[in-house]
1. Work out the FRET efficiency for VAL199 and SER130 from their Cβ-Cβ distance, taking R0 = 35 Å, and round it to the nearest 0.05.
2. Among VAL113, THR225, THR160, which residue has its Cα positioned farthest towards the positive end of the charge dipole of segment 101-235, with +1 placed on the Cβ of Lys and Arg, -1 on the Cβ of Asp and Glu, and the dipole taken about the Cα centre?
3. What aspartates and glutamates does LYS149 reach when the alpha-carbon gap must be under 12 Å and sequence neighbours fewer than 8 apart in one chain are set aside?
4. Calculated from DSSP H runs of 4 or more alone, at -39500 (n - 2.57) each and per residue, what is the 222 nm mean residue ellipticity of the chain, nearest 500?
5. Can you give me the long-range amide H partners of THR214? Hydrogens built in the peptide plane at 1.01 Å from N, cutoff under 5 Å, separation of 5 or more residues or another chain.
6. Using a 10 angstrom cutoff on alpha carbons, build the Gaussian network for the chain and name the most mobile of ASP19, ASP95, ASP208.
7. What net charge is computed for the residues neighbouring THR181, neighbours being all others with C-beta under 12 Å from the C-beta of THR181, Lys and Arg scored +1, Asp and Glu -1?
8. Once amide H atoms are placed 1.01 Å from N in the peptide plane, what residues at a sequence separation of 5 or more from THR137, or on another chain, have their amide H within under 5 Å of its amide H?
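The values are calculated or read from the model by the stated rules, or taken from the named source; none is laboratory data. Since the structure is predicted, the reported quantities are computational estimates derived from the model, not experimental observations. Note: ideal-geometry Cβ built from the backbone for every residue, glycine included; neighbour counts use all protein chains shown. Heavy atoms of the whole protein, side chains included, go into the accessibility calculation; ligands, DNA and RNA do not. Shrake-Rupley method; radii C 1.70, N 1.55, O 1.52, S 1.80 Å.
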Amino acid sequence: SRTARVDEVTGEVTYGNWDKVSSTFSAKGSPVVSGYVLRDEGQKTIPASTVTPNSSDENETVVYDKVGSLVPVDTAGNPIDNGSHNTSYPNDNQDAGKITNPVIPSIPGKTPVDKDGNPLTPGNTYPVDSSKPTEDTKITYVDSNQKAKVSYVDQNTGKTLESVDLEGQPQSTSDYRTTDTIKKYSDQGYVVVSNTYPVNGVKFNSDDKEQDFTVTLAHKVDTVTPDQPGEPGQP
C-alpha cells in the first residue's frame, strides 16, 4: 500500500512511497475436485511467490483430468446395460492427485467375480491401480445362477430318456448325484455304458456357459440256455 495525494483544484495526483519493498503470496494447495484428478502431481501445491511494486499479475493454470471408472462387463468383455452401472473412482479427499478404491455395484441377477471366477460381494471395495487414476478398470459379472444339464441317453435307440437341469452359484458344487436315477433305470433292465457326471458333483463355472453331462445306458441282454433256463414269469 501507499498514499496518494490529490489536488482537488488541478486533479494532480502525487504518490508516496510503498510501505514495503516486496511482499510474498503464500503457497496455495490445489483443491480436490470431485470426479477429477491433477494431470501433473507437481501442481498439488503452487509455490509461494515474492512480488515487488513493479511486478505484473501472476496467473497459474492447474489442469485436471476426469477420473476413470469401474466398468462392469459380461464374460465377453462388453459393458453391462450399456455402461449404466459404471462407477467413477472416488477422490482422495486429502490429495487432489489421488483416487481411492471404488465400491462394487450391485446388479440384479448378476454376480461379480474375480479373475479366478470366485464370487465377490457388492458393496465391498474393488482394488484398482491408483497409479493410473484416469484409466477404466473392468470387473466381470456372471449370471447369479450358473447352469448344468445331465442327460440320460438310451444307447440302443439314441433317445434321451430324461434330463435334469441344475443351477447354482458360481464356484459352488451341486449336491445332485446320478446314483438314484441310474438305479431306477437299472431296475428297468439298463446297464451303464458311460457316465461323464463328476462323482463328487458338478462345480459350477463362472462363464455363463451351460455344462453338459451324459449318462449313457444300454439294454441289458441275458442269454437263456437249456442248462440255465431262468425262472418262468421273470424277466
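1. So the FRET efficiency works out to roughly 0.15.
2. Value computed over the given set: VAL113.
3. LYS149 reaches GLU162, ASP165, GLU167, GLU210, ASP212.
4. Helix-only estimate at 222 nm: -1000 deg cm²/dmol.
5. SER151, THR196, TYR197
6. Checking each option, the largest mean-square fluctuation is seen for ASP19.
7. 0
8. Amide H neighbours of THR137, under 5 Å, 5+ apart: SER69, LEU70, VAL71.
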